[in-house]
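S.K.: Below is one structure. I have some questions about it.
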Amino acid sequence: METAALANPLSSLLPSQSSVSSRTPNHLALRLRRLGFSSSPTTPLLSGSRSRLSVLELNNRRSGGSHIVHSSVDGTDGAESEIPIEKKFAAFPTVMDINQIRDILPHRFPFLLVDRVIEYNPGVSAVAIKNVTINDNFFPGHFPERPIMPGVLMVEAMAQVGGLVMLQPEVGGSRENFFFAGIDKVRFRKPVIAGDTLVMRMTLTKLQKRFGIAKMEGKAYVGGEVVCEGEFLMAIGSE
C-alpha cells in the first residue's frame, strides 16, 4: 500500500485499485468531479504498476482561475522543450555602433565610455550602454580587491550620452563647442561592478538657445534597477 501511494500521489483521493476495477469509468469521473478535478478523456488515470495522473486541471471556483498540474513518475516531462539559457536573452538592438559614436563624440580611449546606442532621438533623448569589464583601466586602482566602477565615471559616461543627444545641427551643437557644465542632485544607488551592463538614458528637459544652455535628466540602470541618477547642465555656446 505504501508503494502504491508513492507511485500515485493522488491515491488518497482516488478509490482503491480493486474498487476501480468493479466500477465504470463514468463513476470514477463523477467521483473526480466531486473532488474538484477534471481529467482528459483520452488519458488513462491508472496504468498498472506505473499508475499516474498525467494531466489534471484543478478548477479554482473561488478565484475563477485554473491550474494545470503535471505529474510524472520519472520527472522528465517537458525537459526536452526547455530553452537553453544562452538562447533565452536577445542582444541589445544597435541604433548606433561604436564607429558612428566615434564620428560624433571627440572622446577616445581610455575615456570613451559609450559602447552602443540602442535608442536615439536627436535633440531629444538617447539610451546607450557601457559594457563594464575587468579590463577597464580604472579597475586596478578602484579597487584592487573589489572592482567597482567609480561614480564620477558613471556621471561622465552619462554626460557623453547627453553629448550624443546634443551634438546635432538641429540643436545648434557641434564637436568644437560642446561642454559638460555642471551636475546637480546626483545620487548613486548601487555599486556597478565588472560584468555589469550599464544602461543610460539621457533626456533633454530644457534648452535655452539664446544662452547656449541645455539641461538634461539622466538615469543609469543595471538589470532594470537604477544605480545612478541626476541632472546635467550642458554648454553649447562658444568657448
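What follows draws every value from the coordinates through simple rules; no lab data is involved. Quick caveat, the model's predicted, so the values are computed rather than measured. Glycine gets a Cβ as well: all are built from the backbone with ideal geometry, and neighbour counts include every protein chain shown.
S.K.: Looking for something under 18 Å from Gly151 (Cβ atoms), assigned to a strand (DSSP E or B) and of a type in the set (S, T, N, Q) - is there at least one such residue anywhere in the stretch 201-220?
M.R.: Within the stretch 201-220, none of the residues are under 18 Å from Gly151 (Cβ atoms), assigned to a strand (DSSP E or B) and of a type in the set (S, T, N, Q).
S.K.: OK, next. From the list Pro122, Pro93, which residue is touching a residue at least 24 places away in the same chain (Cβ under 8 Å) and touching a strand residue (DSSP E or B) at 6+ places or on another chain (Cβ under 7 Å)?
M.R.: Testing whether each residue is touching a residue at least 24 places away in the same chain (Cβ under 8 Å) and touching a strand residue (DSSP E or B) at 6+ places or on another chain (Cβ under 7 Å) leaves just Pro93.
S.K.: Please go through the stretch 221-236 and pick out each residue that is outside any strand (DSSP E or B) and buried (at least 16 other Cβ atoms within 10 Å of the Cβ).
M.R.: Scanning the stretch 221-236 gives a single hit, Ile236.
S.K.: I need the full set of residues from the stretch 191-220 which are buried (at least 17 other Cβ atoms within 10 Å of the Cβ), at negative phi and of a type in the set (Gly, Ala, Ser), in order please.
M.R.: Matches in the stretch 191-220: Ala214, Gly218, Ala220.
Residues checked against (1) exposed (fewer than 10 other Cβ atoms within 10 Å of the Cβ); (2) assigned to a loop (DSSP other than H, G, I, E, B):
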| position | (1), (2) |
| --- | --- |
| Phe89 | yes, yes |
| Asn99 | yes, no |
| Arg102 | no, no |
| Phe109 | yes, yes |
| Val114 | no, yes |
| Ile118 | no, no |
| Ala128 | no, no |
| Phe138 | no, yes |
| Pro144 | yes, yes |
